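Notes to accompany the following structure.
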Amino acid sequence: MSYTNAPIHDLLIRIKNAYMARKTTVDGVVFSKFKVEVLSLLKEYHFIKDFEIVEN
């Protein structure tokens, strides 16, 4: 699992890559409250269907 210095950029690239590969899920994203807020906005504006937070 890779984690970059730009966590939001990493999240958005993972979503884009999954879309381009016709995947329906994105795994391995490190949790942060800010990412949850970004995902909530993406869901509100219908860019994503839904997201789920999974604990290890």
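The values are calculated or read from the model by the stated rules, or taken from the named source; none is laboratory data. Every value quoted in this text rests on a predicted model; they were computed, and no experiment measured them. Here the Cβ positions follow ideal geometry from the backbone for every residue, glycine too, while neighbour counts run over all protein chains shown.
Got a sec? Which of PHE51, PHE47 is in a loop (DSSP other than H, G, I, E, B), in contact with a helix residue (DSSP H, G or I) (Cβ under 6 Å, 6 or more places away or on another chain) and surrounded by 10 or more Cβ atoms within 10 Å (Cβ to Cβ)?
None of the other options fit; the residue is PHE51.
Does any residue in segment 19-31 that is within 22 Å of ASN56 (Cα to Cα) and aromatic (Phe, Trp, Tyr) come within less than 7 Å, Cβ to Cβ, of a residue that is modelled with pLDDT under 95 and loosely packed, with under 10 Cβ neighbours inside 10 Å six or more places away or on a different chain, and which pairs are these?
Going by the 7 Å Cβ cut-off, the qualifying pairs are PHE31/ILE53.
Quickly run through segment 16-39 and pick out the residues that are exposed (fewer than 12 other Cβ atoms within 10 Å of the Cβ) and among the small types (Gly, Ala, Ser).
Matches in segment 16-39: ALA21, GLY28.
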